[in-house]
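A.B. asks: This is the structure I have questions about; it appears just below.
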Amino acid sequence: MTRDYPVLYRKTETSRTEPCPYCRKRHQHGVGDGHRVSHCVKLSKNDIGYILKTREEVK
Ligand SMILES: [Zn+2]
C-alpha cells in the first residue's frame, strides 16, 4: 500500500525546512532528499514522516 507523504521543502541542504506539517516547527536534516522520519519532538498519531526536498537555488 502506498501512502501519500507530505512534502517538506528546504532551501539548501544545510538550511532548515519549511514549517513541519505535524508540529509547525522547522527541522534540520542532513544531506540528501527523500523520505525521512519526522524530527518532531512530540510525535503525533498520524505522523508518517515526510518527503524532504531541497530547492536548489543558484547562489
Ligand atoms: Zn515536526
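What follows is calculated from the coordinates using simple rules that are stated; it is not laboratory data. None of the values given here were measured: they were computed from a predicted structure. Please note: Cβ atoms are built from the backbone with ideal geometry, for glycine as well, and neighbour counts cover all protein chains shown.
A.B. asks: For L8, are the conditions met, namely being aliphatic (A, V, I, L, M) and in contact with a strand residue (DSSP E or B) (Cβ under 9 Å, 6 or more places away or on another chain)?
C.D. replies: For L8, the condition - aliphatic (A, V, I, L, M) and in contact with a strand residue (DSSP E or B) (Cβ under 9 Å, 6 or more places away or on another chain) - is met.
To keep it simple, each residue is scored yes or no on (1) among the aliphatic types (A, V, I, L, M); (2) surrounded by 13 or more Cβ atoms within 10 Å (Cβ to Cβ).
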| position | (1), (2) |
| --- | --- |
| S15 | no, yes |
| E18 | no, yes |
| P21 | no, yes |
| R24 | no, no |
| V31 | yes, no |
| R36 | no, yes |
| V41 | yes, no |
| I48 | yes, yes |
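A.B. asks: If you go through segment 1-40, how many residues are polar (S, T, N, Q) and away from the ligand (no atom under 13 Å from the Cβ)?
C.D. replies: The initial filter retains those residues of segment 1-40 that are polar (S, T, N, Q), namely 2, 12, 14-15, 17, 28, 38.
Pick out the ones that are also away from the ligand (no atom under 13 Å from the Cβ) and you get 2, 12, 14-15.
Of the residues in that region, 4 qualify.
A.B. asks: Mind checking which residues of segment 1-31 are touching a residue at least 24 places away in the same chain (Cβ under 8 Å) and out of contact with any Ser or Thr (no Cβ under 7 Å at 6 or more places or on another chain)?
C.D. replies: Correct list: R3, Y5, P6, V7, K11, T17, P21.
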